[in-house]
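Structure first, then comments.
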Amino acid sequence: MTQTRRSVLHGVLQGAAVVLPIPLLDQFLDGNGAAMASGAPLPRRFGSWFWGLGANVDRWVPDRVGPDYDVKAELKPIEPYKKDVTILSGFNVELDGRPNTPHVAGVWTLRTGSAPIRNDEVDAPSLDVIIANAIGGGARFRSVELTAVGEPMASVSRQSASVVNPSEASPVAFYERVFGAGFQNPNTADFKPDPALMVRQSVLSGVSEQRQKLMQEAGSADRQRLDQYFTSIREIEDQLALELQKPAPADACAVVSKPTEPKIGQEIESVQATHRLMTKLLVMALACNQTRVFTMNYSDATSTVRRPGSTVTHHVLSHEEPVDPVLGYQPETTWFVQRAMEAWADFLTALASVKEGDGRLLDHMLVYAHSDTSLARLHALNNFPIMFAGGAGGRIKTGLHIKSGGAPVTRVGLTAMTAMGLSIGKWGDKSMETSEVVSEALV
Amino acid sequence: MKPRPPLRDLAIVAAAVAALVMAAGSAAESLADGGATPSIGEARRLTDDQYRQTIADIFGADIKVSGRFEPDIRREGLLAVGSSAVAVTPLGAEQYYMMAGSIAAQVTDESHRRALFACTPGTPAGPDDRCAAQILSASGRLLYRRPLDPGDLRSQVALADAVAAKSGSFYAGIEASLSGMLVSPEFLFVIERGRPTPGEPGSLTLDGYSRAAELALLLWNSAPDDQLLAAAARGDLGKPKGLAAQADRMMASPRFERGVRAFFSDMLGFDAFQGLSKDTIIYPKFSPEVAADAKEQTLRLIVDQLVRRNQDYRGLFTTNRTFLNRRIGPIYRIPVQARGGWELHEFAPGDARSGLLTQLSFLVLYSHPGRSSPTLRGKAIREHLLCHDVPAPPPDVNFAFVQDTSNPIFRTARQRLARHRSNPMCAGCHQMMDPLGLALEDFDSSGEERQDENGAPIDVSGVYHGAVFSGAAGLGEALSKDPQVTSCLVHRLYAYGVGRALTAADEAAIAPLERRFDVDGAYRTLVRAMATSEAFYRLPAPDQTTRVALQATGGQGEGQR
């Protein structure tokens, strides 16, 4: 029998059993939709970790390639996780005559495979969106985007040319979204679907029914935007459908309590504290199967992070601070790079500290960490500092330094998508187009 | 003041209910004027403010709108232009959905429904088709800015009935349908619908309801009210007299000030006040409350100058008037008598403060958190007030030369920036920006006046179009005489009104408005002329993609933040 939403609605409100077809969830459930099927694979997960204004690459990129690479001064904080991190160096961005809009061209080439034509127009979607569309379904949130600098537009995730996925800037708001109303602890024994959810589904199904008419009337540009809107509505419908299902147990899930809002802003202490809190919440969101794809924006592309009492931001320093003739780099600017790498180590610590299955949460995901430039002072687009962390459930070789002699940086993105099980022949535009993965990184 | 219950006494309700009954089972036909299948011009996503105003105007100011809105995007210098480029992300949809649920629950609760709805159900414990249709057609017409088409109304009533029947509550049904309308694209987007222009083959003009929506956004930053929709239904908005009558009525309403505030907030980039912070060690007098007051102060001055006193726009750059309250008084070092309110202050002749550019809002917004920025201030004057395009800096410039390493501490910004203006790679743009901003250097990042920077005296002299001037007063005077200032305002207002990048056809329509505005700088006259011109409601032909030289200023590019 085909069940319409309405018949399901009536069923629930009359106390009958609820059965909604959720194909993506089926693989984790047995025939009764209640218990974890034995031997089911852990979910595949993908994340990005972004920091602004790169690094002094000669103090960051190891000299030795292969396993047992040397950890240089600016990478020191990750020393304990050397075996979990693969360094990818020597990958470049070519602009093919497009403008090197500082802090824009590099980051979007890494993430969309193509440099923007105008400052704010990007040939998206970004790779996290492509990956989320493939593996993000079946979790309550197809993806989550977070930032530690308090600015929703600090986001390296885009749906399309003008549609940025804004970042959650408030840990409390993020907590409410994931662990507030609608959250079901996967490990509680009793499960009762909330009849109000069915009403909400009917409401949204009524909204979705307006799609066809509007699509017929709209011009092509608006059609795309309206289509994006309906896709977003569809995601809430899927979310509600999931909330009506008994969730699969998740042994690593330990529900966190509601945090206190930290001071949010661009001062370094605020950024570090917000980042740690966001990370803690994110880790549980992953462990509790609330999402499988995330983007963490530790800082923004033009890093506005600063020290209290200072007249200048990290970004302004990167332009105005003289290179110390003895040290050979900008010491104040570099101070911020070191804080970013410490935060990255904090992030890895949090992912590595959660036991899951026969390993750690970190082993069951791939985190793609990168910046918007290599050397910020020159807005350099060659030899980007890039890392992969986590084994992606046995698909990625960790603990290597892989050095390229100037290959397009899109090969790294294509490798990440391949590791996530996507079958993409080519990715990128013009000289950034590639069909080659970084095979040394793949198992 | 008790909000007027807007849904109760609508003449349209009876007609809509009749239409519902008549249309049952028949093919959907448009209630909008004309009848032919419309073409969509563009869909503008409501801004945060427009959403809030619309809810307040339709359901009353005491309905709380709590939620986060997706960030807007600035295009061609305006968020209003960006509004026809933004979409709704999954996170945004979640937020709209939550807000919709909360608003619908408030509207249908016991304390509101009696005032808002024109009928009561036969029994509150179950469905009532007729009353549901009455409530939903009246609410839907205001939310969608046009009558619901019969098919849509039928679906809404059916949903309300189903929920009412199963839950045993009429109002639970209404709540469900209302929450659906509140996340409908017909509400969240202002969807422009066009029809062939009579006598001009190939040209499209906005239909009556779309004209109403456009007028309401321009003049009120909100949705059309009952009277405006009724005028649209009668076809009045397609006739010069009817259009003028509505424009005059709307401009006489207190809501018009809101519209003026919304335009200038957009044009001056005031959205950046959200999240603006200063280093509290360096600027202890500054706080988020001061930031909010700084914005309010400038909007008050603009309304005073352009709406209440109907004075020349250019006078904003030289006026000695301002409004102060007790929170921002200390930054001006002026005692304020009024408790908890605003009072007029007139600066004495020769005061360093003069006009818009010396308002806290401008000075604090276009500065770094820890220091002032002549470059940011100059860029803001160029981009926001003169509609110039300041290109991004070259990417491969070696910035090390900005600082002389043998003498790393330059005390004033003028000294620091001198190298920018003498280096050929940088000079092109910095020559545009820095000299304007340097004239404001006697005001620090928190907007407070200062005599020196790091112990060195501040030189606020400058040259504009070849003429020497000194300080903010001199700069304001120079700007007030530059025809580019009035031209920029007319272009920005027009683009704000049509909500998209300007086309060549728009330029032709703008030219006479510009000439007129250059004579008297009368803002009210300009707005009225725009709102009552046929060209304003013309949809751009598909091949009119030529963009005029008003470039985007948004994005996350360079700009020394």
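Quick notes on this structure:
- Where a residue in segment A:133-148 is without any contact (Cβ under 8 Å) to a residue 24 or more places away in the chain and within 11 Å of another protein chain (Cβ to nearest Cβ) and its partner, wherever it lies, is part of a strand (DSSP E or B) and crowded, with 22+ Cβ neighbours inside 10 Å, with Cβ under 6 Å and at least six apart: none
- Whichever residue in segment A:277-328 is more than 7 Å from every other protein chain (Cβ to nearest Cβ), more than 25 Å from A:ILE130 (Cβ to Cβ) and among the basic types (Lys, Arg) and, among such residues, is farthest from the chain's Cα centre (by Cα): A:ARG307
- Only a single criterion out of (1) touching a Ser or Thr at 6+ places or on another chain (Cβ under 6 Å); (2) without any contact (Cβ under 8 Å) to a residue 40 or more places away in the chain is not satisfied by B:ALA294, namely (2).
- Members of segment A:151-199 found to be facing chain B (nearest Cβ under 8 Å), more than 18 Å from A:ARG111 (Cα to Cα), surrounded by fewer than 22 Cβ atoms within 10 Å (Cβ to Cβ) and touching a residue at least 24 places away in the same chain (Cβ under 8 Å), listed by number: none
- Residue match in segment A:218-228 (condition: in contact with a strand residue (DSSP E or B) (Cβ under 9 Å, 6 or more places away or on another chain), away from every other protein chain (no Cβ under 14 Å) and in contact (Cβ under 8 Å) with a residue 60 or more places away in the chain): no
- Hits in segment A:123-160 (condition: among the hydrophobic types (A, V, I, L, M, F, W, C) and either closer than 18 Å to A:LEU414 by Cα or part of a strand (DSSP E or B) (or both)): A:ALA124, A:LEU127, A:VAL129, A:ILE130, A:ILE131, A:ALA132, A:ALA134, A:ILE135, A:PHE141, A:VAL144, A:LEU146, A:VAL156
- The number of residues in segment A:90-131 that are open to solvent by less than 10 Å² (accessible area, probe 1.4 Å), over 28 Å from A:ASP58 (Cβ atoms) and out of contact with any Lys or Arg (no Cβ under 8 Å at 6 or more places or on another chain) comes to 1.
- Residue in segment B:329-342 that is free of Cβ contacts under 8 Å to residues at least 12 places away in the same chain, within 23 Å of B:GLU477 (Cβ to Cβ) and hydrophobic (A, V, I, L, M, F, W, C) present: yes
- Listed here are the helices (runs of 4 or more DSSP H) enclosed by segment B:140-200 that have at least 1 residues being in contact (Cβ under 8 Å) with a residue 12 or more places away in the chain, farther than 25 Å from A:ASP227 by Cβ and within 11 Å of chain A (Cβ to nearest Cβ): B:150-167, B:170-182.
- Test result for A:ASP363, buried (at least 24 other Cβ atoms within 10 Å of the Cβ) and charged (D, E, K, R): no
- Of all the residues in segment A:162-199, those that are of a type in the set (D, E, K, R), modelled with pLDDT under 90 and closer than 18 Å to B:GLN95 by Cα number 0.
- Selection within segment B:57-81 - within 11 Å of chain A (Cβ to nearest Cβ) and more than 17 Å from the chain's Cα centre (by Cα): B:GLY67, B:ARG68
- Segment A:70-97: number of residues that are touching a residue at least 40 places away in the same chain (Cβ under 8 Å) and of a type in the set (Asp, Glu): 4
- Qualifying residue in segment A:431-438 (condition: within 14 Å of A:TRP60 (Cα to Cα), in contact with a helix residue (DSSP H, G or I) (Cβ under 6 Å, 6 or more places away or on another chain) and at pLDDT below 95): no
The values are calculated or read from the model by the stated rules, or taken from the named source; none is laboratory data. Quick caveat: nothing in here was measured; it's all calculated off a predicted structure. Quick reminder, even Gly has a Cβ in these numbers, built from the backbone with ideal geometry, and neighbours come from all protein chains shown. Ligands, DNA and RNA are stripped out before the accessible areas are found, and what is left, the full protein with its side chains, is counted by its heavy atoms. Shrake-Rupley method; radii C 1.70, N 1.55, O 1.52, S 1.80 Å.
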